[in-house]
Amino acid sequence: MGRKILFITTDQMRYDAIGANGGNIARTPNIDSFAANGISYDRAQPQNVVCMPSRSTMVTGQNVGTHGVWMNGVPLPVESPSVAAVLRDAGYRTALIGKSHFEPLLDPFLRFEENRQGFSGATEGHRGFDHMELATHGAAGFTHYSRWIRTNHPEAIGMFFQVLDGDLEVSDVPGGDTGAPQIKRNAVPRDWYHTDWVADRTISWLDGLNADDDWFCWMSFPDPHHPWDPPESELHRVDWRELDLPIGYPQNQAEREAIIDSKPRHWRLWYDGKLVSNYEAPGKWVPATLTADQIREVNAMAHIENELIDEAIGRVLAAIDSKGWSDDLDIVFTTDHGEFQGDFGLLFKGPYHVDSLMRLPLIWRPAPSAGGGIDATARVSQPVGLLDLAPTFCTIAGIHPPEWMEGRPLPIDDADAVARGFERVTTEWDSRQPDGTEIHLRTIMRDNFVCTAYQPGSVHDGTEGELYDLILDPLQQVNLWDDPDRRSLRDELLIDLAANFVEPREFRHAEAPV
Amino acid sequence: MATIRSHARVQRSADDVWKVIGDPTRIVQWFPGVTAVTVEDNIRTLTLAAGLPVFEEIVTLDDRMRRFQYRITGPLPVKYHLGTMDVIEDGEPGCLLLYSTEISPDPMAFVLDGVISEGIENLARMLNDHTEDER
């Protein structure tokens with residue numbers, strides 16, 4: 001009997017969302033316990049800051065340029081390799097419960113298997129997972145969760161925020177107490193909400209396993225991704241009026257706009273509502289209109305959602321413990337990308353490679369029975385990427401990672417990271433919109449610097465960039481790209497980026513906006 | 001408004017290809033996710049795999065030009081749509097099939113671009129592989 005693997009992901013969670021990383025609003029004792037008994041990674045980055053590319057990296061262990069999911073809406077080919085298939089072939093029972101998003105969600109023709117299974121209720125294997133039960137951010141669409149809501153609680157469908165408006169654009173309908181975008185008071189009872197549903201379905205799947213089965217379960221919570229519509233019954237947990245503003249939000253408008261103006265021009269264009277670079281944020285919403293109170297309320301909603309996730313995790317852990325599996329259980333906790341949540345006066349995400357979106361919570365709690373010299377209270381400061389997850393799962397299962405995986409098993413401490421050359425991590429962005437807007441970013445993080453080069457597109461001519469000193473400027477408010485004193489450093493980082501970045505071989509068709 | 005275009009070279013005569021394109025009921029044979037079709041006068045109604053109907057108005061059915069044009073009228077959230085399929089004899093072996101779409105709002109272009117590309121591939125494969133489908 002080998003080690004069991006519980007892979008827990010959230011969607012669009014910031015590094016500082018959890019107590020173990022300094023968060024002091026949301027109570028996350030279960031997640032924090034992973035850190036207290038495991039390895040925390042202080043510089044974990046996604047290879048892309050939106051869902052589909054990032055999740056495709058998680059399941060393949062590959063760079064975006066290799067798996068080819070270069071923006072949301074581009075499906076991961078069905079024949080792509082999958083760590084779940086590797087584990088299944090080694091005898092593991094495998095499941096993905098919650099948000100997958102390897103394939104487009106907006107699929108009225110039901111062209112994609114994830115949606116076909118969600119629509120029909122089938123749960124059979126796909127991409128190496130023996131079992132899939134899928135959910136996304138509400139009751140709409142073709143997921144198992146939306147089917148469950150439609151079948152059992154149809155009155156709840158209209159309780160959720162409607163993510164898309166009549167033009168199929170991401171809705172900017174205001175809500176809550178402050179009129180912030182994508183907030184809604186949701187009357188759905190807590191035990192009908194997708195967070196608890198994901199935990200319930202995970203427990204149900206675990207209940208069907210044999211005591212001596214080895215298993216890999218990806219439990220994938222759709223929150224705290226917008227819309228921010230947690231069950232209304234839980235709003236008492238965090239009063240937005242009592243929240244401090246994020247330290248990444250310069251409260252003085254002139255200061256805030258000067259910081260944005262020091263960055264490549266698409267930052268200011270979006271802030272002023274003059275550019276829609278991607279589908280993830282409401283296209284009609286103007287960030288410059290965002291108020292301090294709206295930032296407080298959005299943050300309160302995210303904190304509430306994170307608390308619900310932590311409590312759902314606690315229920316699953318209790319179920320696992322009741323089966324006597326805890327000693328053999330490895331837990332890996334992370335998210336696919338971050339969220340501005342008010343930093344720079346912005347919300348949501350897009351082609352903006354700063355820590356708000358790129359620095360992720362990542363914790364590995366090795367199985368207590370594993371031993372093997374693992375310092376189970378380490379904090380790793382060297383950079384790692386989400387492409388390192390799949391090979392880590394292989395190593396936990398005692399399998400040599402296949403050659404097609406481009407990541408490496410996560411280091412167990414900084415000494416291990418240095419010895420194995422965890423020096424850098426790269427992140428990319430590519431997007432093309434129907435109106436011709438096209439943006440391309442290539443980013444390297446190493447030696448406590450983040451350097452982003454902009455390739456030519458519809459907004460940039462290829463000379464622009466960003467360079468931040470993460471020690472002196474942890475909020476990335478001082479762009480050193482054009483600083484003559486940093487020119488040699490910038491050039492060195494760009495050479496390293498070029499040597500280590502995997503460029504896309506082709507830009508396959510986007511098949512949906514998301 | 002967004003414009004998209006897909007094309008395929010089909011190793012069959014333009015007349016053979018037009019027998020499929022020019023019969024609005026045969027879309028069910030090659031367009032992904034379409035499970036049923038009815039045509040009444042110039043109204044075509046599709047049923048998608050998820051049970052959703054799509055209502056279309058046939059605008060042009062020109063045997064001489066081998067051109068088929070239609071508009072989606074509902075209930076997909078379309079403000080403007082014109083789909084045009086041209087079967088072109090261009091002197092090369094076989095013929096060229098062009099499928100052009102003008103659509104608003106823009107996000108629908110992503111949805112249709114993928115499904116149309118797949119449909120064109122299906123159609124070319126069907127006609128290249130199965131001569132009996134020319135009837």
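Please treat every number below as a calculation from the coordinates, not as lab data. These figures come from a predicted structure and were not determined experimentally. Here the Cβ positions follow ideal geometry from the backbone for every residue, glycine too, while neighbour counts run over all protein chains shown.
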Notebook entry, point to check: Taking only the alpha-carbon positions of region A:109-227 and ignoring solvent, what does the Debye formula give for the base-10 log of I(q)/I(0) at q = 0.10 Å⁻¹?
Noted result: -0.35
Margin query: Going by Cα centres, region A:168-186 and region A:201-257 are how many Å apart?
Written below: 17
Checklist line | Label-point separation in nm, A:E403 to B:E57, each point 7 Å along Cα→Cβ | finding: 5.9
Item checked: Gain in span if fully extended, A:D212 to A:L472, counting 0.36 nm per residue against the direct Cα distance -> 88.5 nm
Notebook entry, point to check: What is the magnitude of the charge dipole of chain B about its Cα centre, with +1 placed on the Cβ of each Lys and Arg, -1 on the Cβ of each Asp and Glu, and no other charges, expressed in debye to the nearest 20?
Noted result: 220
Next item on the list: Could you tell me, in Å, what Rg and Dmax come out for the Cα atoms of region A:216-333?
Entry: 19.3, 58
Check: Label-point separation (nm) for B:N122 and A:S326, each offset 7 Å from Cα along Cα-to-Cβ?
Finding: 5.2
Check: If R0 is 41 Å, what FRET efficiency do you get for B:K79 and A:E503 from their C-beta distance, rounded to 0.05?
Finding: 0.65
Margin query: Using only the alpha-carbon atoms of chain A as identical scatterers, what base-10 log of I(q)/I(0) does the Debye formula give at q = 0.12 Å⁻¹?
Written below: -1.10
Notebook entry, point to check: Of A:K184/B:K79; A:K263/B:K79; A:K99/A:K284; A:K99/A:K323, which pairs sit farther than 31 Å apart, going by alpha carbon to alpha carbon?
Noted result: A:K263/B:K79
Checklist line | Per-residue HN-Hα couplings for region A:166-176 [Karplus 6.51, -1.76, 1.60; θ = phi - 60°; Hz; x = Gly/Pro] | finding: x, 9, 6, 8, 4, 6, 10, 4, x, x, x
Note to self: Need one word for region A:158-266: rounded, prolate or oblate. Basis is the Cα gyration tensor (sqrt eigenvalues a ≥ b ≥ c); a/c below 1.5 gives rounded, then a/b vs b/c decides.
What the structure shows: prolate
Margin query: Using the Cα centre of the protein assembly as shown as the reference point, and only Cβ charges (+1 on K/R, -1 on D/E), how large is the resulting charge dipole? Debye, rounded to the nearest 20.
Written below: 400
Check: Sorted from fewest to most neighbouring beta carbons within 10 Å, what does the list A:M405, A:M13 look like?
Finding: A:M405, A:M13
Checklist line | Cβ-based exposure ranking for B:K79, A:K284, in which fewest neighbours within 10 Å come first | finding: B:K79, A:K284
Note to self: Could you check the spin-label model distance between A:E255 and B:Q69? Points 7 Å from the Cα along Cα→Cβ, value in nm.
What the structure shows: 6.0
Next item on the list: Once you have the Cα-Cα distance between B:L98 and B:T47, take 0.36 nm times their residue separation minus that, and quote the gain in nm to one decimal.
Entry: 16.0 nm
Check: Which FRET efficiency value, to the nearest 0.05, do you get for A:D239 and A:E423 by plugging their Cβ-Cβ distance into 1/(1 + (r/R0)^6) with R0 = 45 Å?
Finding: 0.55
Note to self: If each DSSP helix of 4+ residues adds -39,500 (n - 2.57) and the sum is divided by the residues in chain A, what number results at 222 nm, nearest 500 deg cm²/dmol?
What the structure shows: -8000 deg cm²/dmol
Note to self: Using a 10 Å cut-off around each Cβ, can you sort B:V34, B:V28 from fewest to most neighbouring Cβ atoms?
What the structure shows: B:V28, B:V34
Notebook entry, point to check: How high is the FRET efficiency between A:D191 and B:D90 when r is their beta carbon distance and R₀ equals 51 Å, given to the nearest 0.05?
Noted result: 0.25
Check: If you plug each phi of region A:251-259 into the Karplus form 6.51 cos²θ - 1.76 cosθ + 1.60 with θ = phi - 60°, what whole-Hz ³J(HN,Hα) values come out, in order, with x for Gly and Pro?
Finding: 6, 7, 4, 5, 5, 4, 6, 5, 4
